[in-house]
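Since the structure comes first, as structure tokens, the remarks are kept for the end.
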Amino acid sequence: MGHRKKHAPKRGSLSYLPRKRAKSLIGKVRFWPDVDEGPKLLGFVGYKAGMTHVIAVDNKKGSITYGKEVSMPATLIETPPTIVFGIRAYSRTNEGLKTFAEAWMEKPPKDIGRLITIPKEGGKNNSIEKFQKSLDEIEEIRLIIMPQPRLANIGRKKPELIEIKIGGGDIKEQFGYAKESLGKEIKLTNVFKEGELVDTIAITKGKGIQGPVKRWGIKRLPHKSRKTVRGVGSIGPWNPGTVMYSVPRAGQMGFHQRTEYNKQILKIGDDGSEITPKGTFPHYGIINTQYALLKGSVVGPTKRLVIIRHPARAPSGEIAIPKIEHIDLESKQGD
């Protein structure tokens, strides 16, 4: 009998290579979708508080549970109001988008000094006039927003600065919206509404450097194996003397940026007491400000910043909105 080739499935996914640490705790938005209505912000930010589950009536036609009560996992994101700290415009060049002009609010909050050096002129520069004179040269307008972590229950004062693109309408309408918003607060309800689909962008939990068994899911070698048991049987041939990228190796696990598409907003509320469970959320506490309840899970540990964006791959057709009958508020401390 001839030699039979042994077949084994590939352990682990080769997606997202190289699996290295994210450069920042704040996710980077690499794409902004177009929207029909506007002008409006295309995203918002919040802090992950924890998970619970809801009992809701499934209103999706064609579903085997249509019209019945089902249990759904849900993630709570606390979304304190953000301050529009600045406006930044981009022009199109042969090398891509380049910064064209900036404008800053006149009386920035004191906490911003923990992050950057505030321009001495503040908002009294001539950038607003430059905007108005050169609207034909502007390709994109983005707002530089500043979340207020003091209002949330994450135990920090230093804010983040995040760029959010303005979508919908033409450049003149977008500039009018940006000029009107400069120095003011924007709430989640000004950007999203209940039942909408959103994308979440965040950094996953960091698990440090791990071996190939935990990182890739390979099998352990026999216990009498030479040198190692929790390793691959071979990293490659003698010739050519190279190690393929697809060979499972030890390295960084977790703390990667991940984007999850089409998460549904089940509920948006202002009263945190109605959503805080008994004993509060573990490692977070109570909800002080506005919040969003998203269907399913969201990457990252508690207190991690989550960017909520309008959907880049929104499905066609009508979106069914579940009718919430009950939100579980039992203690999560024992989980």
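Values for this structure:
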read-out	value
Tabulated pairs, segment 21-44, first assigned by TED's automatic domain parsing to the domain that holds His310, second among the acidic types (Asp, Glu) and part of a loop (DSSP other than H, G, I, E, B), C-beta under 6 angstrom, 6+ apart or interchain	Ile26/Glu160
Lone qualifier among Ser24, Ser63 - being of a type in the set (S, T, N, Q), surrounded by fewer than 19 Cβ atoms within 10 Å (Cβ to Cβ) and either touching a Pro at 6+ places or on another chain (Cβ under 8 Å) or under 30 Å from Lys205 (Cβ atoms) (or both)	Ser24
Index of the failed condition, Pro108 passing every other in (1) part of a strand (DSSP E or B); (2) free of Cβ contacts under 8 Å to residues at least 60 places away in the same chain; (3) touching a helix residue (DSSP H, G or I) at 6+ places or on another chain (Cβ under 8 Å); (4) not hydrophobic (A, V, I, L, M, F, W, C)	(1)
Candidate set from segment 271-328 (those that are in contact with a Pro (Cβ under 6 Å, 6 or more places away or on another chain) and buried (at least 18 other Cβ atoms within 10 Å of the Cβ)); member that is nearest to Phe255 (Cα to Cα)	His310
Qualifying position, being in the same structural domain as Gly167 (by TED's automatic domain parsing), in contact with a Ser or Thr (Cβ under 9 Å, 6 or more places away or on another chain) and assigned to a strand (DSSP E or B), among Thr75, Thr99, Thr52	Thr99
Residue in segment 70-84 that is among the acidic types (Asp, Glu), surrounded by 11 or more Cβ atoms within 10 Å (Cβ to Cβ) and modelled with pLDDT under 95 present	no
Failed criterion for Thr99 (all others in (1) of a type outside the set (Gly, Ala, Ser); (2) surrounded by 13 or more Cβ atoms within 10 Å (Cβ to Cβ); (3) without any contact (Cβ under 8 Å) to a residue 40 or more places away in the chain hold)	(2)
Unmet requirement for Ile209, which otherwise passes all of (1) modelled with pLDDT under 95; (2) more than 23 Å from the chain's Cα centre (by Cα)	(1)
Any hit, segment 90-97, residues being on the phi > 0 side of the Ramachandran plot, out of contact with any Gly (no Cβ under 9 Å at 6 or more places or on another chain) and at pLDDT 85 or above	yes
Test: residue in segment 243-262 that is farther than 23 Å from Ile162 by Cα, out of contact with any strand residue (DSSP E or B) (no Cβ under 8 Å at 6 or more places or on another chain) and surrounded by 18 or more Cβ atoms within 10 Å (Cβ to Cβ)	yes
So Thr65, is it without any contact (Cβ under 8 Å) to a residue 60 or more places away in the chain and out of contact with any helix residue (DSSP H, G or I) (no Cβ under 8 Å at 6 or more places or on another chain)	yes
Considering residues of segment 85-96 that are among the small types (Gly, Ala, Ser) and buried (at least 19 other Cβ atoms within 10 Å of the Cβ) only, the residue farthest from Ile166 (Cα to Cα)	Gly86
Residue that is farthest from the chain's Cα centre (by Cα) [pool: residues in segment 281-335 that are of a type in the set (Lys, Arg) and assigned to a strand (DSSP E or B)]	Lys323
Criterion: of a type in the set (Val, Ile, Thr) and either at pLDDT below 90 or surrounded by fewer than 19 Cβ atoms within 10 Å (Cβ to Cβ) (or both) - qualifying residue of Val54, Val45, Val35	Val35
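Results for (1) of a type in the set (Asp, Glu); (2) touching a Lys or Arg at 6+ places or on another chain (Cβ under 9 Å); (3) assigned to a loop (DSSP other than H, G, I, E, B); (4) in contact (Cβ under 8 Å) with a residue 60 or more places away in the chain, shown as yes or no for each residue.
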residue: Ile145; (1), (2), (3), (4): no, no, no, yes
residue: Gly169; (1), (2), (3), (4): no, yes, yes, yes
residue: Ala178; (1), (2), (3), (4): no, yes, no, yes
residue: Gly183; (1), (2), (3), (4): no, yes, yes, yes
residue: Val198; (1), (2), (3), (4): no, yes, no, yes
residue: Lys214; (1), (2), (3), (4): no, yes, no, no
residue: Lys219; (1), (2), (3), (4): no, yes, yes, yes
residue: Lys224; (1), (2), (3), (4): no, no, yes, no
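Results for (1) β-branched (Val, Ile, Thr); (2) closer than 16 Å to Tyr47 by Cβ; (3) modelled with pLDDT of 95 or more; (4) touching a strand residue (DSSP E or B) at 6+ places or on another chain (Cβ under 8 Å), shown as yes or no for each residue.
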site: Gln264; (1), (2), (3), (4): no, no, yes, yes
site: Ile275; (1), (2), (3), (4): yes, yes, no, yes
site: Pro282; (1), (2), (3), (4): no, yes, no, yes
site: Leu305; (1), (2), (3), (4): no, yes, yes, yes
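The values are calculated or read from the model by the stated rules, or taken from the named source; none is laboratory data. The structure presented is a predicted model; accordingly, all values stated were derived computationally and were not measured. Counting neighbours? That spans all protein chains shown, and the Cβs are built from the backbone with ideal geometry, glycine included.
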